[in-house]
Amino acid sequence: MFSYFLRRVILMLPVAFGVSVICFLLVQIAPGDPLTAIMPVDATADEQAAMRAIYGLDKPLPVQYAIWIGNLAQGDMGKSIATGRPVAGEVFGAVQNSLLLAASAAVIAFPIGIFLGFLAGYFRDTLLDRAVTAISIAGVSVPNYWLGIVLVIIFSVNLGWLPSMGAGPGGSQDWSWDWLHIRHLVLPAVTLAVVPIGIVARTVRALAGDLLTQDFVLALYAKGMSRGDVLRHVARNAAATALSVMGLQLGYLLGGSILIETVFNWPGSGFLLSNAIFQRDLPLLQGTILVLALFFVGMNLIVDVAQAAIDPRIKRS
Amino acid sequence: MAAVDTDILEEPVTESGKGYWSGVGARLMRDPVTLICMAVILLLILSAIFAPYLGLADPYKGSMIARLKPIGTPGHILGTDEQGRDMLVRLIYGGRLTLFIGLTPVVLAFFIGGTLGIVAGYAGGWVNTVIMRTVDVFFAFPSVLLAIAISGALGAGIVNSLVSLTIVFIPPITRVSEAVTSGVRALDYIDAARASGANALTVIRVHVIGNVLSPIFVYATSLTSVCMILAAGLSFLGIGVRPPEPEWGLMLNTLRSAIYVNPWLSALPGMMIFVTSLCLNLLSDGVRSAMNVRD
Amino acid sequence: MSVTNPLPDGLADKGGPAQPLLIVRNLQKYFPVRGGILGGKKALVQAVDGVSFEVKKGETLGIVGESGCGKSTTARLLIGLIDKDKGEIIYDGQDLGGTLSLRDLRRGVQMVFQDSYASLNPRLTIEESIAFGARIQGLSDPVGRARRLMERVGLAPDRFAQRYPHEVSGGQRQRINIARALAMSPRLVVLDEAVSALDKSVEAQVLNLLADLRAEFGLTYIFISHDLNVVRYISDRILVMYLGEVVEIAPVDQIWSSQAHPYTRSLFSAMPSMDPDNRTMEPPLAGDPPNPINPPSGCRFHTRCRFAETVCKAKVPTLRPLSVGSEHLAACHLHDLGSGHSKAGKDVLA
């Protein structure tokens, strides 16, 4: 098991390197000079050159990359151009909020998705199956930023039950587990949960349907095992695949929350990202994306290892 | 001397003469949901193409006194937007850009990713390693994040949206194309073709492409819905199409301010995105099962 | 017979009748196995290790052995589908890679594969599949050639030319594959388990067809199979492989009456007999063949051999004639008087 883990980690390193290169290049593909945002309009050529030297922009790209990575290794992701604060602090604060939102959505989505998918797989080709299939197709087809707006229209505008913006009363940034805060979480979390419900239901339906028709299930029935016990066997066989899909979905939730956070003004990484984009705050943009992508890479690693722990076949291949 | 063999008199396994595609067509004709979705998509595409010739009002011309009229207003059947422009006209025109930016990247990624995958899958070795490891790196980004990152860095604009979405969809298509091609590459008919002295290009052209294209194509169609949602999402965030162009995601964004004044009106553009994406998904599922491609 | 000979432009004979059509010397292919933490080269599978043999013009050489012994790898090496690590392939006196290009070799040598379905492109009609090679090689009238060959292998062109592979039976598909190989006007055809997947009745028909074609077109066959009876029917000589090496080569009648290598012996005794008075008395070969990644030292068969002694573990036996000038060759210390084996020269196998 440990050697498998080690191999996965080593295989991950080039990917992490590639991710850092892409994040580094993001700033390079941006039109205009990264300094225009902070440089006075009337700066002379000499002043500009001096400024470049300070930021290391006069050096060749590989050198710039090496400097950037060196700073990263010390936890220095540069300073936000808009606020002047260190990017690292801003990003980690926001990522915490995003994680809260993503985890809540996962808590809603996974049980519902598994339940619906299993129902559909077990009662294949019945009306119930078709209803679940319709729900999951609708779930993966809905633009969730629009769904968020629709939910706001219903529950905030028309019914007035739930707030439509922010993460706490009066734009509070400090989270706590009381109803005053949780009511802010409900709508964005539900909105975010819809797509994974569709995907998880679809996956579990296919898994359950396939497994239930397999010979070993017939054999279990044939030797007189009860329905419930047979289902336990099926669930164990489906667990590894279902887990990997859900693990990836958790990663997607974090990345996919960007639009939802914008809709609900949720102070997470997505909200930070869209602010960074509008203020052309490239260091902040770069830092946020790097952290999110590395988080996703780590998530993949955890999923792989957990999957191998559950299903011994994976380790050997 | 021609031996009479019972084997030769044996009846063929399936009816002969009928091509593969006529079977696909027949199966599609028996599937009403797919046909309806096909009709909706076709209607949207046609109205997008012919919008200027339908005698509609000017989609850019607003009116200060006729702002945010509700749905059902005489003369403005679907109401007016925050600048008093007719919603129905804007929605019809909006389909042009949304569909264009939503579908073009998948088409481009189909050609680029398909080619990369076929090359990687057929060549194997270090060529495969270079292409597929690069693809792995892009897989480390959730698609939404990658699209927003590239678009965010490049800035708003139609071309930039197309570029970033194409980059987002090349890796998944490359991966599928590589997997399918490696599978075909291992079959004996490829070896037989190579053994007849054909060079790699000829083998790919005659024996590989025909057998890998339809699974890659089916996979690509399954991406159109996601791509359209993402494309509109970029405009919704303000890093896609620039105002005053009519585009569903952008309209959804600008109408958000009207959510307390005329809530359902402001949800209309999103409704269009939803319906289109739903039809694209159902259509892709229908085509997939008609073509007997397994998941 | 109205079928015109489709081989007017076959490669002209170069070396004369005494020159073997194919000489293989020391052919070697190791496949790397990837694994370990970094996924680097971990080990080598010694798929084909120092194989040498000759094929005379007009003869059929049968190659037998267990699955995994390197039969198919040898076949693919011969036609250049995989690159050899070492060794020489000499076609009609011309050295592959030297005076003979791979492209020319493929004019002279063609192959028929085991899986009749996988070896036909499902998107091409039968006629297109057969004509493809001739078209590639720039032969005249590829379609006419394809139709004549279809006629010759027993498939009426009017009925079958426009069909797709899934629309015909397995036996018919294998006839198509044979026609496809012949469309290139080869002189040597490598048949890799070409009839193994067929029903017994169909197998017999295809075997007869192969024999007829050999006579009609003056073909030379390398016939690979695990079925000794089939090999006996069609072959002039038989080559036995074990773990990537040649252990015995002999004319079919000689090997049928007396097997020189203990491995060959156990292969033959494992053959089911149709005669109840002639039951299998010897114990069958125990266990699976050893791992070709790390084959046994000395004689590779010593781990499963009843006659194994220390010398078998220490020394690699060479493939040598049983007696001076004999066509019967074996690689076993039992037949080498100077080997140091205690039973060398004694007739222990009989």
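FYI, it's all coordinate maths here, none of it is from the lab. Quick caveat, the model's predicted, so the values are computed rather than measured. Positions of Cβ are backbone-derived with ideal geometry, glycine not excepted, and every protein chain shown enters the neighbour counts.
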Angle between chain A longest axis and helix A:269-278 axis [Cα atoms, degrees, rounded to 10]
40
Ascending count of other beta-carbon atoms within 10 Å, so fewest first, for C:Cys299, B:Cys37
B:Cys37, C:Cys299
Write down the Å³ per residue value for the convex hull defined by the alpha carbon atoms of chain B.
174
Rg to Rh for segment A:1-140: what is it, with Cα atoms only and Rh by Kirkwood?
1.19
Per-residue HN-Hα couplings for segment C:16-33, Karplus 6.51 cos²θ - 1.76 cosθ + 1.60 at θ = phi - 60°, whole Hz, x for Gly and Pro?
x, x, 7, 6, x, 5, 9, 10, 10, 10, 6, 5, 9, 9, 10, 9, x, 10
Which whole number gives the average, over all residues in A:177-186, of C-beta atoms from other chains lying within 10 Å of the residue C-beta?
0
Among C:Gly171, C:Gly58, C:Gly144, residue whose mean-square fluctuation peaks in a GNM of chain C (springs only between Cα atoms under 10 Å)
C:Gly144
I need the Kirkwood Rh of chain A: take the reciprocal of the average 1/r across all distinct C-alpha pairs and report it in angstrom.
22.5
Rounded, prolate or oblate: which fits the protein assembly as shown, taking a ≥ b ≥ c as square roots of the Cα gyration tensor eigenvalues, rounded meaning a/c under 1.5, else prolate when a/b beats b/c?
prolate
Other chains' Cβ within 10 Å of A:146-157 residues: what's the mean?
5
C-alpha long axis of helix A:61-73 to longest principal axis of chain A, angle in °:
70
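Can you give the local net charge around B:Ala193? Use residues other than it whose beta-carbon is closer than 12 angstrom to its beta-carbon, Lys and Arg +1, Asp and Glu -1.
With Lys, Arg at +1 and Asp, Glu at -1, the neighbours total +3.
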Could you tell me how many degrees, from 0 to 90 and to the nearest 10, lie between the Cα long axis of helix A:87-122 and the main elongation axis, the longest principal axis, of the Cα atoms of chain A?
20
On average, how many beta carbons from a partner chain sit within 10 Å of the beta carbon of a residue in B:229-238?
4
Sorting A:Arg202, C:Arg232, C:Arg135 on the 10 Å Cβ count, fewest up front, what's the list?
C:Arg232, C:Arg135, A:Arg202
Computed helical MRE - 222 nm, chain B, DSSP H runs ≥ 4 contributing -39500 (n - 2.57), nearest 500:
-23000 deg cm²/dmol
Scan chain B and note any complete DSSP helix (H) whose C-alpha atoms cover at least 20 Å along its axis and whose Kyte-Doolittle average is 0.0 or more.
B:32-50, B:87-123, B:125-139, B:158-185, B:209-237, B:263-290
Quick one: grab the alpha carbon gyration tensor of segment C:141-190, order the square roots of its eigenvalues as a ≥ b ≥ c, and give me rounded if a/c is under 1.5, else prolate or oblate depending on whether a/b is larger than b/c.
oblate
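Need one number: the % of Cα-Cα pairs in segment A:247-300 sitting beyond the 16 Å mark.
Looking at segment A:247-300, the distances longer than 16 Å represent 40 percent of pairs.
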Between B:Arg205 and C:Lys313, how high is the FRET efficiency from 1/(1 + (r/R0)^6) when r is the Cβ-Cβ distance and R₀ = 60 Å? Nearest 0.05.
0.65
Diffusion coefficient, µm² s⁻¹, Stokes-Einstein with Kirkwood Rh over alpha-carbon pairs of chain C at 4 °C and 1.567 mPa s:
60
A student applying the Cα gyration tensor rule (rounded when a/c is under 1.5; otherwise prolate if a/b is larger than b/c, oblate if not) would label segment C:191-350 prolate
Exposure-ranked with fewest Cβ neighbours within 10 Å first, B:Leu213, B:Leu145, B:Leu201, C:Leu228 stand as B:Leu201, B:Leu213, C:Leu228, B:Leu145
Highest-MSF residue in chain B out of B:Gly95, B:Gly233, B:Gly155 [GNM, Cα springs under 10 Å]
B:Gly155
Cα→Cβ-extended label distance, 7 Å offset, between C:Leu337 and A:Phe17, nm:
6.5
Would you pull out the residues with amide H under 5 Å of C:Gly50's amide H, same chain only if 5 or more places away, H placed 1.01 Å from N?
C:Leu27, C:Gln28, C:Lys29
Output the lone cysteines of chain B: those with no second cysteine's C-beta under 4.7 Å from their C-beta.
B:Cys227
Can you tell me how much longer the chain between A:Gln96 and A:Arg130 gets when fully stretched, taken as 0.36 nm per residue apart minus their C-alpha distance, in nm with one decimal?
8.4 nm
Rank C:Asp85, C:Asp336, C:Asp199 by mean-square fluctuation in a GNM of chain C with C-alpha springs under 10 angstrom and give only the top-ranked residue.
C:Asp199
Of all C-alpha pairs within segment B:49-197, those more than 22 angstrom apart amount in percent to 60
